[in-house]
Amino acid sequence: MKFTCSQQSLSKALNTVSKAVTSRTTIPILKGILLRASSDGKLILSASDLDISIEKTLTEVNVEKEGEIVVLSKLFTDIIRKLPEEDILIEQKEDQSILIKTNSSEFNILGISSEEFPVIGEIEAEEKIIFKNEFLKDMIRKTVFSASIDDSKGIITGVLVELEEKSANMIALDGFRMAVVREEMQNNKKIKIIIAGKILGEINKIISDFEGEEDIEFVLSKKKAVLTFENTKIVIRLLDGDFIKYRDILPNEKKCEIKVNKIMLHESMERAAILSREGKNNLIKFIINDNLLTITSRSEEGNVREDIDITKEGVDMEIGFNSKYIIEALKAIDDEEIMLHMISSVKPCVIKPVSGNNYEYLILPVRIS
């Protein structure tokens, strides 16, 4: 194998495919990236941790000799990233070593035979979904942080992607909070898939790195999904099982409803959280009295009080929260004003838009003495 390509394009491609490389594996080949140069002037880079596989094709490559070899991801990526922005010659030697050469630098590193590298391949398509790039990024950003990061929690480490006749929905929960995001979208069929939250987060990083507005195609089978866009193919393993019946969790009643400026609430929460982080459960307290919301937090180091004007309907209330859960929900919301619906100090609070139902963030309270 022998080819020449630009440092910039190779470095960017490595940044994409390396998101499928895991350091937590006992299988050495999975710590590598497969380089495959073909006679038609293409370089295909591939990586896989068996849950997610990424393949990136570079077309502006001068291939003198076709071939394939696996390189250790971290070492190879670090070398390419630190080389000057000029053309790089990469050549596979007879002893499986790899020459990496520019006008002023020369590296020789060990390569690994590609025989045991997992085959990414194709899947037998059963359904196909087309998402607008910005549309998909926005929905992931607004939900993925609510998925459980505890691998022992099973299905709720995933995010439910649900297509209905006139909407696309994403739902994530971790046992303490839940995010439900809905966007208008015309669909021919009702479809439900569950994607691991950590994988969906990596997908969002990848599509955020691209400047184009190309649509993203999901091709689905029973156990896998393939995403394709901009010379990139991502194969992901879908989670198997039934997601929580999230509609049953959303409360239908409310005894206290407040309308508040989102930015003012967010800024006040950030200040109150400075002290809540020093205490237990990141505890902050909401005291709702007439048209005033008072946020308090205390720890051994001190206490804080924040007052915000609100519009209230219903009863006064005192309720405690983990500040982290409120702040993360507020960061995901773009609206200027929001509604908070509460029933009691021991039942969930729901953050909703002033009009419509594009999102609902349900947050369990923390008991306060």
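Can you pull out every residue in the range 1-39 that is free of Cβ contacts under 8 Å to residues at least 12 places away in the same chain and over 22 Å from the mean Cα position of the chain (by Cα)?
THR26, ILE27
Take the residues in the range 58-81 that are farther than 19 Å from LYS233 by Cβ and among the β-branched types (Val, Ile, Thr), then tell me which one is farthest from the chain's Cα centre (by Cα).
VAL63
Matching residues to (1) assigned by TED's automatic domain parsing to the domain that holds PRO353; (2) surrounded by fewer than 17 Cβ atoms within 10 Å (Cβ to Cβ); (3) within 19 Å of LYS352 (Cα to Cα):
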site: LEU238; (1), (2), (3): no, no, no
site: PHE243; (1), (2), (3): no, no, no
site: ARG271; (1), (2), (3): yes, yes, no
site: LEU283; (1), (2), (3): yes, no, no
site: GLU301; (1), (2), (3): yes, yes, no
site: VAL304; (1), (2), (3): yes, no, no
site: GLY314; (1), (2), (3): yes, yes, yes
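For the condition under 23 Å from ASP248 (Cβ atoms) and part of a strand (DSSP E or B), what is the one hit in VAL304, VAL350, VAL346?
Step by step, each of VAL304, VAL350, VAL346 is checked, and only VAL350 is under 23 Å from ASP248 (Cβ atoms) and part of a strand (DSSP E or B).
Look at the range 50-108 and say how many of its residues are under 30 Å from ILE123 (Cβ atoms), part of a strand (DSSP E or B) and in contact (Cβ under 8 Å) with a residue 60 or more places away in the chain.
Final tally of qualifying residues: 11.
Take the range 159-177 and flag every residue that is touching a helix residue (DSSP H, G or I) at 6+ places or on another chain (Cβ under 6 Å) and either buried (at least 24 other Cβ atoms within 10 Å of the Cβ) or closer than 26 Å to LYS132 by Cα (or both).
VAL159, MET170, ILE171, ALA172, LEU173
Suppose the filter is surrounded by 20 or more Cβ atoms within 10 Å (Cβ to Cβ), in contact with a strand residue (DSSP E or B) (Cβ under 6 Å, 6 or more places away or on another chain) and either not in a loop (DSSP other than H, G, I, E, B) or not charged (D, E, K, R) (or both); does LEU43 pass it?
Criteria met by LEU43.
Working only within the range 1-23, note down all residues that are crowded, with 21+ Cβ neighbours inside 10 Å, more than 10 Å from ILE80 (Cβ to Cβ) and touching a Lys or Arg at 6+ places or on another chain (Cβ under 6 Å).
Once the filter is applied, which keeps residues that are crowded, with 21+ Cβ neighbours inside 10 Å, more than 10 Å from ILE80 (Cβ to Cβ) and touching a Lys or Arg at 6+ places or on another chain (Cβ under 6 Å), the range 1-23 yields THR16, VAL17.
Test ILE338 against the criterion of being in the same structural domain as GLU257 (by TED's automatic domain parsing), in contact with a Leu (Cβ under 9 Å, 6 or more places away or on another chain) and either within 28 Å of GLU183 (Cβ to Cβ) or modelled with pLDDT of 95 or more (or both), and give yes or no.
yes
The values are calculated or read from the model by the stated rules, or taken from the named source; none is laboratory data. All of these numbers come straight from a predicted model, not from anything done at the bench. Quick reminder, even Gly has a Cβ in these numbers, built from the backbone with ideal geometry, and neighbours come from all protein chains shown.
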